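Enquirer: Please read through the structure below; I'll follow up with questions.
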Amino acid sequence: MPMTIVFMMESVLFTHLMALSSLKKYPLKLDRGKDCKILMHFGDKICGMLDKRLEEHLLTSSSKNGSVEEEESDRPSNSAEVNLPSATESNPQTSSGESTCPLKKRRTMSSGRPYVPALRSGAHAILVTLYEYTQVECRGEYLTKKDLIRLAQPHCDKSLSVPDSGSYYTAFSSMSVLIRKGLVDKYSSPARYRLTHEGVTLGQSLVAGGASLEPPASSALVEFRLSSSSTETSNSLSTSSSVGAPSVRPNNKSVADTRDTAAPLFTLKPSEYEVVLIVDNREHFGLGNAKQYILPALVSNKVTFDVRPLSVGDFVWIAREKGGDQREAVLDYIIERKRMDDLAGSITDGRYKEQKLRMKNSKLRKPIYLVEYYKTQANEKIKENALHQAVMNTQVIDDFFVKRCDNIKDCIAYVTLLHRQLVTLYQAKTIHVFSQDSLPSVQFDSADAEMCHIVYSDFNAAGAKSKPPTAGECWKRMLMCVPSLSLDKACRIVELYPTLAALVEAYRNARSEAERVKLLSSIKSGAAGRRFGDVLSRNVYTLFYTSEPLS
């Protein structure tokens, strides 16, 4: 084969590999090959080839599935509703004329029996939790979804917030069944829930059943602490902070009770520290003279701030000791600010995922995504709908608090209000400061966790991206390529099998193929202690120990 042809083939292969790498970094959906042109290394030729192959694939798939489509065409258009988890529990008042015969039969058989949820199911946990909550004096009747999930999780075997692998539904999805059956009332937005009279009766019977709770041994009756300064304004500014919201206490341990496991480096009492805003000195604050607006605006708003290089985020708050050594602890609030044009650029070059991952790894509990919308600017890289989808993914999937602003003035106003709220929030709090490494070993409940923070220098050093990744970090990133394998689950695997070689050796030492497939299925992760399950274990085994493709 002539060298010229060899060189051309290598060039084409290299171009395709670079295009594939660029496509993997793009987190949003692309419907056509033509849409890939916004990415690097994609030209008319590659986009046209993708469209042609996609058309061939659709034609082939339609011909293979023709018999399936003919069979499905005989079914009523709403038959898909039968596949929903709550379909068998749906309201008997639904028009039976629109249902299939098997569905009618199921409803007729179950209509004579009272509804009782399965033990330790999502519906069972919700009813028991709402009932117990109403039995304690000095409490309101309502619970928000976030607080209800937190309280009900010990009573449920499945996660109320994370769906099972291959499913879109969580155990909390059974709430729709309880509402339809008139057991739970839903009010306002964001949603708040309370039991109806029928729900109280059923909840009482479930609790009286004896085996209804069966929580982990460490849990006891929950206790709430409501801040006296709770207002509607403070709730919106604190971005889901503890101000005005119930703090769940699954046990009676306090910070002092747990210090034997990890002693704090130092403790700061309310009168010994001040809350200071740290502004990243490398942040480019918009276009034109917007960069010159930020610091004077903070000064005029009487915000105590300091300008430093931040390794993670654009704004962060610290507690700085007054006098003495001026020791510093980073608080739980961190802001990543994005203009729409900057967001588009970060999506195409891969920074979008990388920045969010580093914010999650910072161990700060209140990440905030501050997005500036410039309506007059037309973005040529990515369509506006795709940018809105990226922002929504950040809020729904990554669990960041997203704040939308129209311009730099709105951003500074929000930062100022949040700073004032944090000053009020921490003015009576004693905080305990730990090193980056010792904080994870401390088992705090959600109320005491707000008083435990990381040394600022450790936080900034840990988030630096200039240092080369360790072998463990690379191994963690490899694991996160497996579908449904989150950061928490990857960390658990790395704890048990620090390297790929260690995992492969464990597979080799297994006595049978079935044991290899289920090697990771019993590992637990997350606050709820949920098992990985057979599907995820099989995917990891298939990817790292066999030559088979992932299903």
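One line per residue, one yes/no per condition, for (1) more than 19 Å from the chain's Cα centre (by Cα); (2) surrounded by fewer than 18 Cβ atoms within 10 Å (Cβ to Cβ):
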| position | (1), (2) |
| --- | --- |
| ASP306 | yes, yes |
| GLU328 | yes, no |
| ILE335 | no, no |
| MET340 | yes, no |
| THR348 | yes, yes |
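Enquirer: Looking only at residues in segment 396-434 that are exposed (fewer than 15 other Cβ atoms within 10 Å of the Cβ) and in contact with a Phe, Trp or Tyr (Cβ under 7 Å, 6 or more places away or on another chain), which one is modelled with the lowest pLDDT?
Expert: Among them, the one singled out is ASP406.
Enquirer: Quick one: what pairs do we get from segment 50-64, first residue closer than 15 Å to ASP35 by Cα, second at pLDDT 85 or above and assigned to a helix (DSSP H, G or I), C-beta under 6 Å, 6+ apart or different chains?
Expert: none
Enquirer: Here's another thing I want to ask about it. Quick test for you: out of GLU548, GLU515, GLU505, pick the one residue that is loosely packed, with under 14 Cβ neighbours inside 10 Å and modelled with pLDDT under 90.
Expert: It is GLU548.
Enquirer: Only residues in segment 299-327 that are on the phi > 0 side of the Ramachandran plot count as the first member; pair them with residues that are surrounded by 18 or more Cβ atoms within 10 Å (Cβ to Cβ) and assigned to a loop (DSSP other than H, G, I, E, B), Cβ under 7 angstrom, at least 6 apart or cross-chain, and list the lot.
Expert: none
Enquirer: Further question on the same structure: Could you tell me how many of the residues in segment 162-182 are crowded, with 17+ Cβ neighbours inside 10 Å and in contact with a Phe, Trp or Tyr (Cβ under 8 Å, 6 or more places away or on another chain)?
Expert: Of the residues in that region, 2 qualify.
The values are calculated or read from the model by the stated rules, or taken from the named source; none is laboratory data. None of the values given here were measured: they were computed from a predicted structure. Every residue, glycine as well, gets a Cβ built from its backbone with ideal geometry; the counts of neighbours run over all protein chains shown.
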